[in-house]
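A quick write-up on the structure given underneath.
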Amino acid sequence: MVDLIPSSDTVMEILKRTGAFREGHFVYPNGKHSPHYFQMPLAFRYYDTARVLAVGLSRKFRVDRDISSQLPKVSIISPSSAGIPVAFGVRDALSAEQIYWAEKEEGRRMFRQYINNGEVNPCIIVDDIIRSGHAIEETAKLVRELGATVIGCGAIVRFTSAPDRLGDVPIRSLVEFDAHMYDSGDACSDCTKDAPPERVRF
Ligand SMILES: [Zn+2]
């Protein structure tokens, strides 16, 4: 079963092919410069690709005895809309019972109203990409406020600068990416080469 987890190289090849991983000269809304950019929903617009990625991630949870012993009474949780296709794919592969996702309303991450009605199963938080880790940390807090426990966490891609644990829960990923970020244009190698910058929205 472990053999069916796609390698980091295979996943990066998929992300490049679908345009989800882009190389160039990018400027983020916070002013940081970077020679690469991930726009993960581009990989999830192809059903077959989405399935390979989500099933691959699901196997990282399946091999965890703590998690597999609790299936199917498990919830798959997404911190935002971008993680919803990941959550549905992982749910499908694990036959987990529930799916929830958070959204930002007036700048605050929250679940839909009345979602605490009924039982909330132990939770696995999944996302398409973990850049800083803030989204999953906020989501873990929401899960605990619902009275549920976090038993797993993971993403297709995790920046190595982000945390690799959520408390005592390891964060699993198919790709660990060493992201190069420059605080400003002064330090950016593409700026020194006069490469035209491309502004990205997230
Ligand atoms: Zn630059």
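Note on the stretch 177-187: residues that are among the aliphatic types (A, V, I, L, M), assigned to a loop (DSSP other than H, G, I, E, B) and within 11 Å of the ligand (Cβ to nearest atom) total 1.
Only one of the listed residues (Gly19, Gly31) is outside any helix (DSSP H, G or I) and modelled with pLDDT under 95. That residue is Gly31. Every condition in (1) of a type outside the set (Gly, Ala, Ser); (2) more than 16 Å from Pro79 (Cα to Cα); (3) at pLDDT below 95 is met by Arg144 except one, and the failing one is (2).
Scanning the stretch 9-30 for residues that are touching a residue at least 40 places away in the same chain (Cβ under 8 Å), away from the ligand (no atom under 16 Å from the Cβ) and closer than 20 Å to Met181 by Cβ returns Met12, Leu15. Quick check on Asp190: is it within 16 Å of the ligand (Cβ to nearest atom), in contact (Cβ under 8 Å) with a residue 40 or more places away in the chain and in contact with a Lys or Arg (Cβ under 8 Å, 6 or more places away or on another chain)? Here the answer is no, as Asp190 does not meet what is asked.
When Ile115 is tested against (1) without any contact (Cβ under 8 Å) to a residue 40 or more places away in the chain; (2) within 28 Å of Asn30 (Cα to Cα); (3) aliphatic (A, V, I, L, M), exactly one condition is not met: (2). Taking the numbered list (1) at pLDDT below 95; (2) buried (at least 16 other Cβ atoms within 10 Å of the Cβ) in turn, Asn116 passes all entries but (2). For the stretch 137-169, a tally of residues being within 13 Å of the chain's Cα centre (by Cα) and of a type in the set (A, V, I, L, M, F, W, C) returns 6. Scan the stretch 87-100 and give yes if some residue there is among the polar types (S, T, N, Q), surrounded by 22 or more Cβ atoms within 10 Å (Cβ to Cβ) and modelled with pLDDT of 95 or more, otherwise no. There is no residue in the stretch 87-100 that is among the polar types (S, T, N, Q), surrounded by 22 or more Cβ atoms within 10 Å (Cβ to Cβ) and modelled with pLDDT of 95 or more.
Under the condition of being in contact with a helix residue (DSSP H, G or I) (Cβ under 9 Å, 6 or more places away or on another chain) and not in a helix (DSSP H, G or I), the residues counted in the stretch 52-86 number 10.
Does Lys73 meet the test of being in contact (Cβ under 8 Å) with a residue 40 or more places away in the chain, charged (D, E, K, R) and touching a strand residue (DSSP E or B) at 6+ places or on another chain (Cβ under 8 Å)? No. One residue alone among Ala195, Ala140, Ala148 is more than 16 Å from His36 (Cβ to Cβ) and either within 16 Å of the ligand (Cβ to nearest atom) or in a loop (DSSP other than H, G, I, E, B) (or both), and that residue is Ala148. Only one of the numbered conditions (1) within 17 Å of the chain's Cα centre (by Cα); (2) surrounded by fewer than 19 Cβ atoms within 10 Å (Cβ to Cβ); (3) of a type in the set (S, T, N, Q) is not met by Ser75, and that is (2).
The values are calculated or read from the model by the stated rules, or taken from the named source; none is laboratory data. Small disclaimer: the values here were computed from a predicted structure and weren't measured. All Cβ positions, glycine included, derive from the backbone under ideal geometry; neighbour counts span all protein chains shown.
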